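A.B. asks: First the structure, then my questions, so here it is.
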Amino acid sequence: MTEFWENSFLDKQEMWGLEPARSAVLASDLFKEKLVKNVLVPGAGYGRNAQVFRHSGMDVEGIEISKTAIELGKKNYGDTIPIHHGSATDMPFNDKKYDGIFCYALIHLLDQKDRKKLIHDCYNQLTQGGLMVFTTITKAARTYGHGTEIGKDRFEMFGGVKMFFYDAETIQEEFGNVGLLSVTEVQEAFPFYFITCKKG
């Protein structure tokens, strides 16, 4: 999967642009309301979503597997946000605790074992009372059921991308024991769930 993202990041930068995703803006508003001071962004990409938290006055760190994405981030934003180079599935990268964690469109690219690990690693790095927000594709997406089925609700498509599609039941299964607060729907390029959890 790394090679796929490395080879297509320039195209994706043009596709995504520099404006944050709607979910990132919603998460930033939530974090501001709850007085979040520092944020971790696993799967930070080239930083377009991480910047919205920084602009709201929060300290931000990221995790990103793609060196290409990290370099694009430096080109566009300088060294405004420290980025740990590596896979979010290898968390934690430090022993720091965060008031907020925002993970955009990453969790559904992982298999069940890695999804579970990422969710619990994020939860473990929250401060008491901290919030984490995950966005993930839903079964309402037009791509659901396309490609090669490689597991329940998981398909391989787009030249090698493996994608898991969530519904209410699997959200409860995977997030129910990590302080699940709410699940709302948000329209991005695909229909997404906006999943909010709280520690404590």
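A.B. asks: Please provide three numbers in whole Å: the alpha-carbon extents of segment 10-157 along the principal axes, with the largest listed first.
C.D. replies: Dimensions of segment 10-157 along the principal axes of its Cα atoms: 43, 36, 27 Å.
A.B. asks: What is the list of residues in segment 18-50 whose amide nitrogen lies under 17 Å from a point 7 angstrom out from the Cα of Glu185, following Cα to Cβ?
C.D. replies: Within reach of a label on Glu185: 23.
A.B. asks: While we're looking at this one, here's another question. Please list, ordered by chain and number, the residues whose modelled amide H lies under 5 Å from the amide H of Thr127; skip anything fewer than 5 residues away on the same chain.
C.D. replies: Correct list: Tyr98, Asp99.
A.B. asks: In the chain, with Lys and Arg counted as +1 and Asp and Glu as -1 at Cβ, which of these residues, Phe164, Gln125, Ile150, has the Cα nearest the positive end of the dipole, that is, farthest along it?
C.D. replies: Looking along the dipole axis, the top candidate is Gln125.
A.B. asks: Roughly how many debye, to the nearest 20, is the charge dipole of segment 10-130 about its Cα centre, given +1 on each Lys and Arg Cβ, -1 on each Asp and Glu Cβ, and no other charges?
C.D. replies: Charge dipole, segment 10-130, about its Cα centre: 160 debye, nearest 20.
A.B. asks: Here's another thing I want to ask about it. How long are the three semi-axes of the equivalent ellipsoid of segment 82-144, in whole Å, if each is the root of 5 times an eigenvalue of the C-alpha gyration tensor, listed from largest down?
C.D. replies: 23, 14, 11
A.B. asks: Can I ask one more? Excluding Phe194 itself, what net charge comes from residues whose Cβ is under 11 Å from its Cβ, given Lys and Arg +1 and Asp and Glu -1?
C.D. replies: Summing Lys and Arg as +1 and Asp and Glu as -1 gives -1.
A.B. asks: Treating only the Cβ atoms of Lys and Arg (+1) and Asp and Glu (-1) as charged, compute the dipole magnitude of segment 65-124 about its Cα centre; round to the nearest 20 debye.
C.D. replies: 80 debye
A.B. asks: For segment 73-200, state the semi-axes of the equivalent ellipsoid (square roots of 5 times the eigenvalues of the alpha-carbon gyration tensor), sorted largest first and rounded to whole angstrom.
C.D. replies: So the equivalent ellipsoid measures 25, 19, 14 Å along its semi-axes.
A.B. asks: Separate question: Report the full-extension gain for the segment Asn124 to Glu149: residue separation times 0.36 nm, less the Cα-Cα distance, to one decimal in nm.
C.D. replies: 5.8 nm
A.B. asks: Follow-up question, since we're still on this one. In Å and whole numbers, how far do the C-alpha atoms of segment 130-181 stretch along each principal axis, longest first?
C.D. replies: Each principal axis gives a Cα extent; for segment 130-181 these are 37, 18, 17 Å.
A.B. asks: Multiply the residue gap between Lys75 and Asp95 by 0.36 nm, knock off their C-alpha separation, and tell me the result in nm, one decimal place.
C.D. replies: Stretched out fully, the Lys75 to Asp95 stretch lengthens by 4.4 nm.
Bear in mind that the values in this text are calculations on the coordinates, not laboratory data. Bear in mind the structure is a predicted one, so any value in this text is a computation, not a measurement. So basically every Cβ, Gly included, is an ideal-geometry build from the backbone, and we count neighbours across all protein chains shown.
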